[in-house]
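Written out below as structure tokens is the structure these notes cover.
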Amino acid sequence: MAEFRSGFVTRVGRPTAGKSTLLNRILGHKVSIVSDKPQTTRTQVRGVLTKDDVQLVFVDTPGIHKPRTALGTSLNATASQATTSVDVVCLVLDATAPYGRGDAFIAQKLPAGSIVVVTKADLASPEQVLGQLTATSDLDIESWFPVSGTTGEGVEELVAHLQSRMPEGPQLYPDDMITDVPDEFWVAELVREQLLAITREELPHSIATRVTEWEWPRVRCEIIVERDSQKGIVIGKKGENLKKVGIAVREQLPEGVFIELFVKVEKNWQHQAHSVERLGY
């Protein structure tokens with residue numbers, strides 16, 4: 001009888017490289033919110049893929065960037081910590097964006113035997129994909145995989161390779177477990193995802209969300225911004241934006257759930273380490 005194998009896979013890369021979209025495609029289930037705005041992922045989110053004789057535990061990480069706030073510093077630390085004590089580290093590169101100093105900075109910290117995953121291959125030209133492969137050819141990389149989290153191109157080959165890299169070990173999570181994210185955290189993230197989709201470019205970094213009351217099926221979620229002017233933008237004319245957010249979130253939850261949304265101003269919260277920590281980032 002074949003031994004069971006299990007292990008951890010971390011994916012690191014710049015913001016908006018497509019890490020969360022790829023994770024959702026691999027799992028066939030949405031476990032990480034997606035946006036085209038930087039700093040969408042703010043914590044380590046684990047997704048679990050279980051096959052007959054192997055279990056992969058994926059760690060979704062914030063994009064690594066040059067921090068300008070306490071929040072940015074915390075996000076970088078979260079991403080960097082995720083590269084230790086894991087079995088495979090994947091450097092995720094956006095095929096549609098040039099290989100830059102940010103990518104090189106992250107690549108310098110990769111352990112030997114890491115792999116390169118070039119995302120958004122469906123949107124890029126063959127020359128763009130080749131450019132990313134060439135740019136990383138001098139690194140101590142084991143394999144390269146062009147993929148698309150949107151179409152699924154190359155994902156099966158990537159997963160097969162990752163499975164082959166897992167060491168013998170026990171099953172770490174139950175068969176039916178897809179993520180370790182608590183329900184309260186997930187609902188708050190769904191709210192933030194919708195806010196990212198409808199608010200102005202200058203707002204995303206200033207928005208935080210957290211569930212403050214959980215009396216299922218009634219959920220109260222608090223939306224935190226940094227200035228009074230931002231509060232008005234989030235609420236929208238006659239509450240239009242909050243209404244849109246509530247409808248979109250309920251569509252992704254079991255029927256009958258009631259979401260209450262409240263907006264609170266907490267001055268410059270992302271610049272204060274104690275506020276960042278209190279909000280779970």
Original post:
Within region 202-247, which residues are touching a Lys or Arg at 6+ places or on another chain (Cβ under 6 Å) and in a helix (DSSP H, G or I)?
Top reply: P204
**OP:** Please indicate, with yes or no, whether at least one residue in region 159-169 is without any contact (Cβ under 8 Å) to a residue 60 or more places away in the chain and either closer than 19 Å to R25 by Cβ or part of a loop (DSSP other than H, G, I, E, B) (or both).
**Re:** yes
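Conditions (1) over 27 Å from V31 (Cβ atoms); (2) under 24 Å from the mean Cα position of the chain (by Cα); (3) exposed (fewer than 13 other Cβ atoms within 10 Å of the Cβ); (4) in the same structural domain as E189 (by TED's automatic domain parsing), marked per residue:
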{"site": "K238", "(1), (2), (3), (4)": "yes, no, yes, yes"}
{"site": "K243", "(1), (2), (3), (4)": "no, no, no, yes"}
{"site": "I259", "(1), (2), (3), (4)": "no, yes, no, yes"}
{"site": "W269", "(1), (2), (3), (4)": "no, yes, no, yes"}
{"site": "Q272", "(1), (2), (3), (4)": "yes, yes, no, yes"}
Subject >> region 174-201, residues that are under 20 Å from the mean Cα position of the chain (by Cα) and either part of a loop (DSSP other than H, G, I, E, B) or at positive phi (or both) >> reply: M177, I178, D180, V181, P182, T199, E201
Subject >> Residue selected from region 5-32 under the condition within 15 Å of G149 (Cβ to Cβ) and of a type in the set (S, T, Y), by the criterion modelled with the highest pLDDT >> reply: T21
Original post:
Restricting attention to region 114-128, does a residue exist that is part of a helix (DSSP H, G or I) and either touching a helix residue (DSSP H, G or I) at 6+ places or on another chain (Cβ under 6 Å) or among the small types (G, A, S) (or both)?
Top reply: no
Subject >> Any hit, region 182-191, residues being among the acidic types (D, E), under 20 Å from V31 (Cα atoms) and either in contact with a His (Cβ under 7 Å, 6 or more places away or on another chain) or crowded, with 17+ Cβ neighbours inside 10 Å (or both) >> reply: yes
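The values are calculated or read from the model by the stated rules, or taken from the named source; none is laboratory data. On a predicted model such as this, the values are computed, not experimentally measured, just so you know. We place every Cβ from the backbone using ideal geometry, glycine too, and count neighbours over all the protein chains shown.
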